[in-house]
Structures are given as structure tokens and as C-alpha cells.
Amino acid sequence: MNRLLIAFAFAFALPAAAQDLLVRNATVHTAGAQGTLEGHDVLVQGGVVRAVGANLAAPAGTPVLDAKGRPLTPGLFGGLTGLGIEEVSGEPATVDGGLALGNHMPPLTGVWRPEFDVSIAFNPRSAAVAVNRVEGITFTVLAPASVPGGSFIAGQGSAVVLDGRFDAALEGSRSLFIALGSNALPLSGGSRAGQWMLLDQALSEARPSFNAGTHGLLTPAGKVAFARYLGGGRVVFQVDRAADILQALAFARRTGMRPVIAGGAEAWEVAAELKAAQVPVLLDALVNLPSSFDALGSTLQNAARLHQAGVRVAFSQGGDATHNARKIRQLAGNAVANGLPWEAALAGLTSAPADIFGLSEQRGRIEVGQVADLVLWSGDPLEVNTLAEQVWFAGKPASMRSRQTELRDRYLAPEGALPRAYSGR
């Protein structure tokens, strides 16, 4: 970070000016209808974008930063993650993303718990949050995991803002997560057909007319939770195979659910059906090899083909998405290298996920009225060698320190009388 930016960040420590800001002479990637604006200014007052234009006047007392033409974007989406609900993957006491109440298979009474909501366990002080925040990630969607002893209806999750607040869940973003395909076979009697049979049973139980017997899948609270998603609730189907995607679309039509496809390794094969149903896809643009029989049609052109067909595309990593959410920019950059337009790739990290999870009125774009969650970059934000120079939440500068930067500073500092481990940094 250069000295000008450091001085600017320290100036923001003053509470009176904490939510006001004028970024001057930036390449403003709005991720909205205005597209990219060269040499433009962004005025923030009270934590909200009040104006975007050229040569804006700075109100009295408003700190001004000359971006010198560098890119300014909305804060980036981290994908579907366990940020704040998973600290150390190998230490069960720090992992809160999955519910395992027993190792029994359905249909035992009360086996499925769609009322489980991982957002309640969110810890904004997690070291993983800061590690990803300093690289431009300002919001993520907490996704529950289907685990042994649980069910393939994993539970509910919400979008959270990563500014350090405890009440981080964003209103209107709550979603139900359902895992389908081969990964869910151990939880569905070993058959994909069993998944739809059990979902139909849960659907019947959630209806008011259902007379509960001894083999109910849902608890009373579970029935209420599941019913909430019928007739308009957002449901994330975590699924890869084209045939399974079509089954998910058919189920959503019958139930009135608003489906989102996550994973979607073979989504491009059913792009026309996804477009017709106006169903978005959250995908990992680096998936190009058949990691399973569900993903034989994997291709690096998945995002480009979906976009060309008119499907809304956003990004979410597979694998270690939680601790490496910051690498999501690489997904977008590789999608551009394989045919996705640059602006669409940026949208897949900003406005698209905001739209998908009901946040578009407040986040995902640099437009008048939006919350000023912003990132100033050293260069093209989709290039791996670009750094986030400063992150703002509602106009307030975020600390650009994390556990990783502290370790870097400790072990790059000259060694004193004591070893570096005793430096107190």
C-alpha cells in the first residue's frame, strides 16, 4: 500500500468522517447499467453512494482520495462458503456448517431438519474472515453442508457482510440448500430416484392436510421451515449432472420454489431450459475435468456458453472455498480467458450474486443509493497479480491487516535480541 493510501486510511479513523468519502479520478466499474466509467468520481455520504460522475465537488470536510485512474469496484462476493462457521477444517469444535444428529437412514421420525440455520453460528472474528476481506471479499453466502448423520436437505443459510459486525446476516437472503446427485447418494438410500421420492414425502408432510404417522421425515418445526420455501422461496440445488438439473427444475415448477443451481458442471448442456425458467447458476469456472460421473461434461467454457444463452452466471468455488474465497477472482479471470465477456465476469462477482440472493437494492453495484462497499485495486481486479489496496464498508475503511499480513510482517522484520516469535507483533 502506498503512503498516500496509508495516510488516507488513518484519516478515516476519525468517527466524524467515517462514512463520508470522495474517490476522485477512478476507473469506476459500476457492475450496473452504466458499465465502466473512465476518470469518474464517486461521492459517499452517510455510508451510501450519493453521486457518480466527473469532476464532482467535495462537500466541506469530506476526505478526498485521488485514485489516479485505478479501478474501483463494488465489494466482491466470496461464493458459497463457511466463512465464520468453519475455522479449522480438521478441528470439529470449530466447524459448525453441518448437522449430524444420528447415523440412521430415513425414514425415521424427525430425521430431516430443514429448520437448521447455520447463520446463527456466524463468527465475524474468525481469522479466515479477515484473510479474505483484505483481498476484496465483502460478502458471502453461508452454505450448510450435508454430512453423514444428516440429510441431503442440508438446512438454511444467509448472505453475510464481512465488516466485523455480529448481526451480519443480510435481510431477504435466506435460502434452503439441497444437495443432489452422487454426493447425496449415501443420504438417500443409494439412489437418485430415492432423492426425489424422499423430497416428495417431505413435500407432503409440509402441507397442512398431512396427517403425521410414525414415519415422518420432518419435525413440526421442520414442516414450517420447509413450507416456507414452497410458493416462492429461494432454494439452492447443489447439483452437477444435466439430467439431475432438469429434475430440479421440474421439482421447483411443481412446488413454486425459486431455484438456484450451484455447481452445475454440466449446466451448459441444458442452458436453454435454464434460460426459459430464468434460473441462475453459481459455478466454478475452473472445473474442466470429470471429477465424477456427474461431471463428465465439464468444460472451461461453461460460463461463456451459459452467458451466451442468456443464463445469469455467478461464481462459487468448489473444494476449499471457505479459506480461499479470495481466489474466486481467478475463476472469473479464467472464465474471461475462455470466452466470457469481462463485464459479465465482474458481474458474476458483484451484481449477479446480489441479484440472486435478494440484495440488489443495497449491494453489488456502484450506483446512487447503494451501500458504499467498495474496493480500490492496484490493477485489473481479475488478474492474479492485482492487489486490493483499500476496502470500504459503507464508506468506512476496513483494516487491511489479517493473520497472514501479521505473520508476514513478523518474519520479514529484522531479527532483534530475541527470536522473531517473541517480537510481540
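Picking from Leu246, Leu176, Leu331, whose Cα lies most toward the positive end of the charge dipole for the range 76-363 (charges on Cβ: Lys, Arg +1; Asp, Glu -1)?
Leu246
Which of Gly358, Gly194, Leu83 sits farthest toward the positive end of the charge dipole of the range 76-363, with +1 on the Cβ of Lys and Arg and -1 on the Cβ of Asp and Glu?
Checked the options; the winner is Gly358.
Ala272 to Ala417: extension gain in nm, 0.36 nm per residue of separation minus the Cα-Cα distance?
Stretched fully, the Ala272-Ala417 segment lengthens by 45.4 nm.
Would the range 313-369 count as rounded, prolate or oblate if I go by the C-alpha gyration tensor, calling it rounded below 1.5 in a/c and otherwise prolate when a/b exceeds b/c, oblate otherwise?
It is oblate, given that a/c is not under 1.5 and a/b is not larger than b/c.
In degrees, nearest 10, range 0 to 90: what is the angle between the Cα axis of helix 403-412 and the longest Cα principal axis of the chain?
For 403-412 against the chain, the angle is about 50 degrees.
Order by neighbour count: Met197, Met400, fewest other Cβ atoms within 10 Å first, most last.
So the residues, fewest neighbours to most, are Met197, Met400.
Quick one: which of 53-59, 157-163, 85-91, 314-320 comes out on top by average Cβ neighbours within 10 Å, and what's the full order, highest first?
Ranking, from highest mean packing down: 157-163, 314-320, 85-91, 53-59.
Which shape class applies to the range 252-331: rounded if a/c is under 1.5, otherwise prolate when a/b exceeds b/c and oblate if not, where a ≥ b ≥ c are the square roots of the Cα gyration tensor eigenvalues?
The shape class here is prolate.
Check Ala398: other-chain or 5+ apart residues with amide H under 5 Å from its amide H, H built from backbone geometry?
Val391, Trp392, Phe393
Out of residues 5 or more away from Leu387 or on other chains, whose amide H comes under 5 Å of its own, with H placed 1.01 Å from N in the peptide plane?
Ser378, Gly379
For the chain, what percent of Cα pairs sit more than 35 Å apart?
So the portion of pairs separated by more than 35 Å is 31 percent.
Can you run phi through the Karplus equation (6.51, -1.76, 1.60; θ = phi - 60°) for the range 351-368 and list ³J(HN,Hα) in whole Hz, with x for Gly and Pro?
With coefficients 6.51, -1.76 and 1.60, one gets 5, 5, x, 5, 5, 4, 9, x, 10, 5, 6, 10, 9, x, 9, 9, 9, 4 Hz.
Assign unit charges at the C-beta atoms only (+1 for Lys and Arg, -1 for Asp and Glu), then state the dipole size of the range 233-298 relative to its Cα centre in Debye, rounded to the nearest 20.
The calculation lands at about 400 debye.
If you rank Glu135, Glu273 by fewest surrounding Cβ atoms within 10 Å, what's the result?
By the 10 Å Cβ count, ascending: Glu273, Glu135.
Which order do Val147, Val129, Val49 fall in if you start with the one that has the fewest other Cβ atoms within 10 Å?
With the fewest neighbours first, Val147, Val129, Val49 line up as Val147, Val49, Val129.
Over the range 372-415, what is the relative contact order in whole percent, taking alpha-carbon pairs under 8 Å and six or more residues apart?
30 percent
For the chain, what relative contact order do you get, as a whole percent, if you take Cα pairs closer than 8 Å and at least 6 residues apart?
19 percent
Going by the alpha-carbon gyration tensor, a ≥ b ≥ c the square roots of its eigenvalues, is the range 304-419 rounded (a/c under 1.5) or, if a/c is not under 1.5, prolate (a/b greater than b/c) versus oblate?
It comes out prolate by the Cα gyration axes.
In the chain, how many lysine pairs have Cα atoms under 29 Å apart, counting only pairs 8 or more places apart or on different chains?
4
Let's see if you can work this out: charge +1 on each Lys and Arg Cβ, -1 on each Asp and Glu Cβ, no other charges. What is the dipole magnitude of the range 76-363 about its Cα centre, in debye to the nearest 20?
Computed charge dipole of the range 76-363: roughly 460 debye.
A short reminder: the numbers here are calculations on the coordinates, not readings from a lab. Every value quoted in this text rests on a predicted model; they were computed, and no experiment measured them. Glycine gets a Cβ as well: all are built from the backbone with ideal geometry, and neighbour counts include every protein chain shown.
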